[in-house]
Amino acid sequence: MTAAPTDAPVRVLVCDDQALIRTGFATIIDAQPDLEVVGECGDGRAAVDLARRVRPDVVVMDVRMPVLDGIQATRLLAGAGVPDPVKVLVVTTFNLDEYVYEALRAGASGFLLKDAPPAQLLNGIRTVAAGAALLAPEVTRQLVGRYASRISPPPSAPEEDRLTPRELEVLRLIAGGMSNSEIAAALVLSPETVKTYVSRILTKLDLRDRVQAVVYAYRRGLVA
């Protein structure tokens, strides 16, 4: 009797212009039985070319790199109009926060800080690979909120009329960096109910994931 095949590991491309960081990330990732590094590169152009060639499940992308920066590379891999987008997890430092915000608008599925513990990086890769978005809550509050004031919300937002008062409340909490479990506790709801609300919000507003929901909320002026 033939054994059932096991799930294939998540294929990861690591892109960072600092060889030491790149090697460190690759070593941590490759040590996991469910993850596999399929390539490494040191600039954004190489990341785009290599990702199109090897088709990783997730690209771990630095922001500031030579030849082509991480924002432009993300836009080419995951931006609007890309026929077969690749999931991108941006890993950066606080002093590059404005660049991270632009990376989210370019199509990144999430971001983490470079000084995050290894377990958080691994969880981030798995989360993004599973099709969910990842926003470090402390970064969401301090980073996205800081730059939201530069974005003038449109004079009208008819899409918001499709949301119920409860869905608007959930959207504001998502934009505040809360996880589903934190929202459930705050609103005294079950996590399953919150998950349903999140799904409805994304569908009604034609958004891809929680990252886009956060950017949408700030751009519409729903969160101060």
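Every number here is computed from the coordinates shown, using simple stated rules; none is lab data. Model, not experiment: these values are computed from the prediction. Note that we place each Cβ from the backbone using ideal geometry, even for glycine, and neighbour counts take in every protein chain shown.
Using every pair of distinct Cα positions in region 156-219, the Kirkwood expression returns a hydrodynamic radius of 11.6 angstrom.
Each residue in T203, T74, T193 was given a count of other beta-carbon atoms within 10 angstrom of its own, and listing them fewest first yields T203, T193, T74.
The ranking of S109, S179, S190 by Cβ neighbour count inside 10 Å, starting from the fewest, reads S190, S179, S109.
With a Förster radius of 22 Å applied to the beta-carbon distance between S199 and N123, the computed FRET efficiency rounds to 0.55.
Using amide H atoms built in the peptide plane, which far-off residues or other-chain residues are under 5 Å from L112 H to H? Sorted by chain and number, the residues that satisfy this are V90, V91, T92.
By other beta-carbon atoms within 10 Å, ranking I174, I28 with the fewest at the front produces I28, I174. For region 28-37, 3J(HN,Hα) computed residue by residue from phi via the Karplus equation (6.51, -1.76, 1.60; θ = phi - 60°) reads 5, 5, 5, 6, 8, x, 9, 10, 8, 7 Hz, glycine and proline entered as x. For region 167-174, backbone phi angles converted through the Karplus equation (6.51, -1.76, 1.60; θ = phi - 60°) give residue-by-residue couplings of 5, 5, 5, 5, 4, 5, 6, 4 Hz, Gly and Pro being listed as x.
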